[in-house]
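Take a look at the structure set out below.
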Amino acid sequence: MTADDPDATPRSRRDGLGTRELFDALATGDPEDHLRLEDILAGLSRQVFGMLLLVSTLPAFIPIPGVGGAIGGPLTILVGLHLLVGMRRLWLPRFVARRGPRRASLQAFQRMAGPWLARLERVVKPRLVAVIDHRMAAMFTGLLLVLLGILLALPIPFTNYPFGALLLVYALALLERDGALMLACWAVGIVVIVVFGVLSGALAAAATQWIGGLLA
């Protein structure tokens, strides 16, 4: 499944809408509706990676131990891998594309984070777009997202909310094409990876296990 569908009608094209406008449109409707990722991402091109990352952060705010990381971690890694290898279009396996959150989850997140997003949107704007668009900069963002996704997936106590909040800001930087905000995300991301990953040994252990699985 590729999110940038050339057959999409102009009406379905949502590029250029603000983050809250995109999210509000998704959250409006029957709470029992099940939204598929392929529908959420339809009509998006430039904003598609930011929107998938935004959706990926939602499970991190579910107050059930292990659920946020088990779902959000792999999706964050998937976004990071796309950026790391320089893919311009999003590809999702069909079984992933047909899954997604219930609209009630989006509405709950909207009630919780809506006021905070509204305040942040007042200062977020397109600037230093080379930090978003340049190939090497996007690869570095992708590398950080892969590492943060691994950390999110690991059972590190009391980290779901902090990681979720950080990844939410990454998503906002991508959606709004704010290079200055992305630079701040880089700095915080490096600190988080060093503190929670390298010093705790969790990231190194996960990487060793992953590499061992490839070589087995």
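Rule-based calculations on the coordinates, nothing more; no lab input. Computed from a predicted model, the values in this text were never measured in an experiment. Virtual Cβ from ideal backbone geometry, glycine too; neighbours counted across all protein chains shown.
Annotation: Cα Rg of the stretch 20-63 relative to the compact-globule expectation 2.2 N^0.38 Å equals 1.18. Taking 7 Å steps out from each Cα toward its Cβ at residue 134 and residue 107 produces label points 4.5 nm apart. Normalised by the number of residues in the chain, the average gap of Cα pairs under 8 Å and 6 or more apart makes the relative contact order 28 percent. Phi angles of the stretch 165-177 translate, via the Karplus equation with coefficients 6.51, -1.76, 1.60 and θ = phi - 60°, into HN-Hα couplings of 5, 5, 5, 4, 5, 4, 4, 5, 4, 5, 5, 8, 6 Hz per residue; Gly and Pro are given as x. Using θ = phi - 60° in the Karplus curve 6.51 cos²θ - 1.76 cosθ + 1.60, the 3J(HN,Hα) couplings for the stretch 21-35 round to 5, 4, 5, 4, 5, 6, 7, 7, x, 5, x, 7, 5, 9, 9 Hz; x is entered for Gly and Pro. Of the residues 72, 107, 196, the one whose Cα sits farthest towards the positive end of the charge dipole of the chain is 196 (charges of +1 on Lys and Arg Cβ, -1 on Asp and Glu Cβ, taken about the Cα centre). Distance between the pseudo-spin-label points of residue 199 and residue 30 (7 Å out from Cα toward the beta carbon): 5.0 nm. Our coupling estimate for the stretch 89-98, obtained by passing each phi through the Karplus curve with A = 6.51, B = -1.76, C = 1.60 and θ = phi - 60°, is 10, 7, 10, 10, x, 4, 5, 7, 4, 8 Hz, Gly and Pro reported as x.
In the chain, once you exclude exposed trypsin sites (Lys or Arg not before Pro) (DSSP loop, at most 16 other Cβ within 10 angstrom), what's the longest stretch remaining? Value returned for the longest uninterrupted segment is 123-216. Once you place label points 7 Å from the Cα toward the Cβ at residue 187 and residue 21, how far apart are they in nm? Simple spin-label model gives 3.1 nm for this pair. A convex hull fitted around the alpha carbon atoms of the stretch 85-191 yields 133 Å³ per residue.
Calculated mean residue ellipticity, 222 nm, the chain: -19000 deg cm²/dmol, from DSSP H runs (n ≥ 4) at -39500 (n - 2.57) each, averaged per residue and rounded to 500. Rounded is the label for the chain, because the ratio a/c of its alpha-carbon gyration tensor axes (a ≥ b ≥ c) stays below 1.5. Around the amide H of residue 102, modelled in the peptide plane, lie the amide H atoms of 35, all under 5 Å away and 5 or more residues distant in sequence or on another chain.
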